[in-house]
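One structure is given below, encoded as structure tokens.
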Amino acid sequence: MSLRPVLLRLPRYFGVSGPPRRRWWWSRSLDLTSRRGQSSRSPVHWNQVVSEAEKIVGYPTSFMSLRCLLSDELSNVAMQVRKLVGTQHPLLKTVRGFVHDTRHNLQLRGLVVLLISKAAGPSRMNASCQDYDVVSGIYSCQRSLAEITELIHTALLVHRGIVDLSELQSSDGPLKDMQFGNKIAILSGDFLLANACNGLALLQNNKVVELIASALKDLVQGVYQENSTSGKENHITEHIGISTWKEHTFLTDGALLAKSCQAAMELAKHDTEVQDMAFQYGKHMAISHKINSDLQPFIKEKTSDSMTFNLNSAPVVLHQEFLGRDLWIKQIGEAQEKGRLNYAKLRETIKAGKGVTSAIDLCRYHGNKALAALESFPPSEARSALENIVFAVTRFS
């Protein structure tokens, strides 16, 4: 059964109008300081980068983890999710994002795992993988790993949409809607994780199980730290340095991709050096991707005055480091109006400092680290596609 007809109906099914769209617009860029290697046929837009990469790995990965969501076991859950249409529960926004919002997209992690699997190819030193099915130069077990990675990421998105009922306000809607949405979020997220764990066991590789299990531990640790911080009354003035920010970002955004890339190399029996280069690519690409996401409220040409941003995002953390804690707290105080933070005013203050330009430099620094890791892989279409992803993420003009 083809997924495409079903997927095309999903937006209307969950109360969303209009065709699916991608919202990344960055052109292909090279590393920080040069334009070496850029060809006249290089991809211009993010959706073109992804589309060309999907052709290389053999089939579209955009809705890889949705295959599980469309299974019989979750069909009843999907019907229940429809009852959330018209409410403000964040689970509905998450489900809509599966179809519409690919900036933090479902396919990126799985696509990278498939691309790096093809870029590395089979190990020349070990023939034990020869019995595996190979499609477009990728082992079937590596494709399974890519799907497992997507399932884990999707489960995390669903679980993070659970509402803290103790902090509900009247504007959030009826309590019963939030309670019902929480139950569905827990059920569906747990189901996805259970399927991921089952698929992991079927790979029958202890090291891969350990790697993905440690990535899950990192994710939980990162989310716990995040929740601990946001629970404090003064969390908007939390003082963290960029090194702490990087450590936290690796836990929440980098560990799963980095360790999945390493696990893909383990499945093909590559040596530790190749595994480490795959890990480094995943780590630095994920951090660069996160910085790019953090920068969007500060570099978009048209930004709504009501648009908020994370006060522990990369540009803000760097701005605070340059400014000093005392002046930063003073700026936050000056941006307060009637007891509420005026994000538009604070955004302009941050843009006038050095935080935004420093964040762009940091994004490109990690992009270059990712490119350097790819130098260990032989030239190929898959390697070029991985480079294009970095170029798209580090392009800001």
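Numerical summary
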| quantity | calculated |
| --- | --- |
| HN-Hα J in Hz across the range 159-166 - Karplus 6.51, -1.76, 1.60, θ = phi - 60°, x for Gly and Pro | 5, 6, x, 5, 8, 7, 5, 6 |
| Accessible-area order (highest first, 1.4 angstrom probe) of the listed residues 376, 288, 51 | 376, 51, 288 |
| Cut-off 10 Å between beta-carbons: net charge of the residues surrounding residue 196, Lys and Arg +1, Asp and Glu -1 | -2 |
| Largest to smallest accessible area among 307, 178 [probe 1.4 Å] | 307, 178 |
| J(HN,Hα) series, the range 269-284, from Karplus relation 6.51 cos²θ - 1.76 cosθ + 1.60, nearest Hz, glycine and proline x | 6, 7, 6, 5, 5, 5, 4, 5, 5, 5, 4, 5, 4, x, 4, 6 |
| Reach of residue 330 by Cα under 23 Å, taken over lysines that are not fewer than 8 positions away in the same chain | 232, 338, 345, 351, 354 |
| In Hz, Karplus ³J(HN,Hα) per residue of the range 246-255 (6.51, -1.76, 1.60; θ = phi - 60°; x = Gly, Pro) | 4, 4, 5, 5, 4, 5, 8, 10, x, 4 |
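The values are calculated or read from the model by the stated rules, or taken from the named source; none is laboratory data. What you see is a predicted model, and the numbers here were worked out from it, not measured in a lab. Quick reminder, even Gly has a Cβ in these numbers, built from the backbone with ideal geometry, and neighbours come from all protein chains shown. Only protein heavy atoms, including side chains, enter the accessible area calculation; ligands, DNA and RNA are left aside. Shrake-Rupley method; radii C 1.70, N 1.55, O 1.52, S 1.80 Å.
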